[in-house]
Structure formats: C-alpha cells, structure tokens
Amino acid sequence: MYSPKIKADYIPILYQIAQARGIPMTHIVREALDAYLNKAQIVAMPASNGGCMTCPHCKKEITSVYVYSTCHQTARISTDGKILELAQPELEETTDIACPQCLKSLKEVIHE
Ligand SMILES: [Zn+2]
C-alpha cells in the first residue's frame, strides 16, 4: 500500500489540531484529503464526460445541478454548553436536486 510522506512543516499543525479535537492525526489527514478529493473530483471531471440538458422548468441549458443533502457535524462543547469547535460535516442523504438557474426541483429527471 502506497503511503505518501507528509510534509514535515505540517506535522506540528496536524498534531495541534489532533490534540485540540482529541482524535488521531491520521483522521485529520483523512478529513483533509476527503474534502480536497471531493472538490478535485468535480474539477477534474473532463467536459467530455459531462453533458448538458435543458431544465424542464426554465428551459435553460444546464451542465450541473445543486444537490441538497442532510448532514451532521460533531461539535466539541464547553462545560457551560457552548459549541467550541465544529468538525467537518458528514453527508447523509440527498434530499433534493435542483436547477442552478431557477432552483426548481429536478429530482424526477436527475438520478444519482
Ligand atoms: Zn431551471
């Protein structure tokens, strides 16, 4: 299994975050990679792989959609019940898919 080296400058930062959040450094790295790769995947998707369709509501050509999902976040709290720090949100399920132009639902025509 390929295990890339982490830049030495990042170790103290990762260590501090891991200490503050009380989770292992490897989890922080995984969260960071997840966040990056999710974004990178969208950017890296070649145009030829994508398509465009006409929104049945506003009749505009769209190449992307808004995907609305529920998510949850873990929050660290203080003794007096204040939220001190929020972890990365974790996606649960898709609740709606909408046209980015008119914001009307495309759930009937777009499939995951
Ligand atoms: Zn539309």
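Nothing in this text is a laboratory measurement; each read-out follows from the coordinates by a stated rule. Bear in mind the structure is a predicted one, so any value in this text is a computation, not a measurement. Cβ atoms come from the backbone with ideal geometry, glycine included; neighbour counts cover every protein chain shown.
Under 27 Å of direct C-alpha separation, and excluding same-chain neighbours fewer than eight residues apart, LYS5 reaches these lysines: LYS39. Taking every Cα-Cα distance in the chain and sorting them into 10 Å bins from zero, the calculated P(r) comes out as 11, 28, 27, 20, 13, 1 percent.
Which FRET efficiency value, to the nearest 0.05, is calculated for ILE110 and GLN88 with the Förster distance at 30 angstrom and r the Cβ-Cβ distance? Efficiency for this residue pair is about 0.70. Note on ARG76/MET53: beta-carbon distance plugged into 1/(1 + (r/R0)^6) with R0 of 41 Å gives a FRET efficiency of 0.45. The label point for ALA20 and the one for TYR66, both projected 7 Å from the Cα toward the Cβ, are 3.1 nm apart. Relative to the longest principal axis of the Cα atoms of the chain, the long axis of helix 25-44 lies at roughly 20 degrees. What the Cβ-Cβ distance of ILE11 and THR95 gives, at R0 = 41 Å and to the nearest 0.05, is a FRET efficiency of 0.55.
Each eigenvalue of the Cα gyration tensor of the stretch 47-112, multiplied by 5 and square-rooted, gives one semi-axis; in descending order these are 36, 12, 10 Å.
Among CYS99, CYS58, a tally of other beta-carbon atoms within 10 Å of each Cβ gives an order, fewest to most, of CYS58, CYS99.
Please build a GNM for the chain, connecting alpha carbons under 10 Å apart, and tell me which residue among ASP96, ASP80, ASP34 fluctuates the most. Top of the fluctuation ranking is ASP80.
Helix content alone sets the calculated 222 nm mean residue ellipticity of the chain: runs of n ≥ 4 DSSP H residues at -39500 (n - 2.57) each, divided across all residues, give -9500 deg cm²/dmol. Charge dipole (Cα centre; +1 on Lys/Arg Cβ, -1 on Asp/Glu Cβ; no other charges) of the chain amounts to roughly 280 debye.
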